Ligand SMILES: NC(=O)c1ccc[n+]([C@@H]2O[C@H](COP(=O)([O-])OP(=O)(O)OC[C@H]3O[C@@H](n4cnc5c(N)ncnc54)[C@H](O)[C@@H]3O)[C@@H](O)[C@H]2O)c1
């Protein structure tokens, strides 16, 4: 079972391959993607202990001289110190402009290693091997790379498209359940922003999806998410417009992560809460029916995701919203829904409504 999706970006187009036992094929697939020479495989301690050996063996068999860099797991790793340490590892590994980086891990590794590739020697190729559900359906596709600053998430970064994305669904078997469920928040997002029938399918099949028991279903779901992301990115690579719809639930989600302290909520959990916030605002401001808003909230509850953050007072959240990347003149911009599957971006929300909806959660 193999699901292939293409991200159409002219000369920078690339394939996303989704299936089982793909990690063993990493080396061959890098050859097919035209990669040559030396590479630095960046992974975190959790993923590395499980999958680095297979990845390194496959790269070695295909003739690549691969060096492994294993760094600590967690959002704190997506920082300047690790970035500079990885530049040194690139130099030690002898990476020249023909070399490449392999990001083996979740979104933290993908964003950080991707940014190493975007900036080292003014940019070298890289390959995404996502191992978390969130990374498979979202962060590995579309070329956003970067790191956090103490002042906020993802404040430094670059657009840099990978040469190849290889999503081996078997790696999801070892993903902690909390991380898996957090990834499902991004899956639900695709239904809300783009595809009402996909959302309906998720409503019908969530028990099998939640317990990871049906690999075929998982392949179709990951594949559909990647198709939607590829479609959006193909139309608007650098977020001049449409791509902003992918941020549904993220404006407040990022602020929650910051106020609660990175790590208190994992990214997908914060996105679930932010999505319920956006849905409730949408009822007041963009014509979403109360019934559809309730379906959105129920979907997250069914998937055992949080829908409120009692430890985040409004004043702190509002202050965090003021430094969001998408905030202009202190006013955060929101993606709002008029129906499931239909959203608009760049919306201002009146102060009083933001506060009222936050306090209603
Ligand atoms: N670039 C983008 O477009 C984009 C989009 C969405 C999110 N992100 C970023 O992605 C990050 C979150 O990604 P994440 O949720 O994957 O977090 P993560 O990379 O921290 O991974 C979550 C945890 O799961 C572990 N893990 C990953 N795969 C595993 C596996 N197969 N088996 C066992 N353990 C495994 C990791 O070691 C980590 O402890 C955030 O920094 C967020 O900003 C980026």
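The values are calculated or read from the model by the stated rules, or taken from the named source; none is laboratory data. None of these values were measured; they are calculated from a predicted model. No Cβ is skipped: glycine too gets one built from the backbone with ideal geometry, and neighbour counts run over all protein chains shown.
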Inset, instruction - Return a yes/no flag: does segment 53-66 have any residue that is at pLDDT 95 or above, outside any loop (DSSP other than H, G, I, E, B), touching a helix residue (DSSP H, G or I) at 6+ places or on another chain (Cβ under 7 Å) and within 11 Å of the ligand (Cβ to nearest atom). - result: no
Inset, instruction - Kindly list the number of the only condition in (1) touching a residue at least 12 places away in the same chain (Cβ under 8 Å); (2) loosely packed, with under 15 Cβ neighbours inside 10 Å; (3) not in a helix (DSSP H, G or I) that fails for residue 212. - result: (2)
Legend entry - Residue satisfying all of: in segment 332-341; farther than 18 Å from residue 239 by Cα and out of contact with any strand residue (DSSP E or B) (no Cβ under 6 Å at 6 or more places or on another chain); surrounded by the most Cβ atoms within 10 Å (Cβ to Cβ) among these: 340
Inset, instruction - With the checklist (1) farther than 16 Å from residue 69 by Cβ; (2) crowded, with 18+ Cβ neighbours inside 10 Å; (3) within 10 Å of the ligand (Cβ to nearest atom) in hand, flag the one item residue 190 doesn't pass. - result: (3)
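The rows are residues; the columns are (1) under 18 Å from residue 45 (Cα atoms); (2) at pLDDT 95 or above; (3) touching a helix residue (DSSP H, G or I) at 6+ places or on another chain (Cβ under 6 Å).
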| residue | (1), (2), (3) |
| --- | --- |
| 93 | no, yes, no |
| 129 | yes, yes, no |
| 144 | no, yes, no |
| 147 | no, yes, yes |
| 156 | no, yes, no |
Inset, instruction - Among the residues of segment 111-135, count how many are within 11 Å of the ligand (Cβ to nearest atom) and not in a strand (DSSP E or B). - result: 10
Inset, instruction - Would you confirm whether any residue within segment 207-217 is away from the ligand (no atom under 12 Å from the Cβ) and in contact with a strand residue (DSSP E or B) (Cβ under 8 Å, 6 or more places away or on another chain)? - result: no
Legend entry - Answer residue from segment 91-110, given it is in contact with a strand residue (DSSP E or B) (Cβ under 7 Å, 6 or more places away or on another chain) and over 17 Å from residue 145 (Cα atoms) and is farthest from the ligand (Cβ to nearest atom) among those: 94
Legend entry - Only one of 203, 239, 269 that is within 16 Å of the ligand (Cβ to nearest atom) and either part of a helix (DSSP H, G or I) or at negative phi (or both): 269
Legend entry - Cross-chain or 6+ apart pairs with Cβ under 7 Å, segment 136-147 first and in a helix (DSSP H, G or I), then more than 8 Å from the ligand (Cβ to nearest atom): 136/167; 136/222; 137/187; 137/222; 137/225; 137/226; 138/229
Legend entry - Odd one out for residue 180 among (1) in contact (Cβ under 8 Å) with a residue 60 or more places away in the chain; (2) more than 7 Å from the ligand (Cβ to nearest atom); (3) in contact with a helix residue (DSSP H, G or I) (Cβ under 8 Å, 6 or more places away or on another chain): (1)
Legend entry - Odd one out for residue 147, checked against (1) crowded, with 24+ Cβ neighbours inside 10 Å; (2) near the ligand (Cβ under 10 Å from one of its atoms): (1)
Legend entry - Subset of segment 21-49 (residues that are surrounded by 16 or more Cβ atoms within 10 Å (Cβ to Cβ) and within 14 Å of the ligand (Cβ to nearest atom)): 22, 23, 42, 43, 44, 46, 47, 48
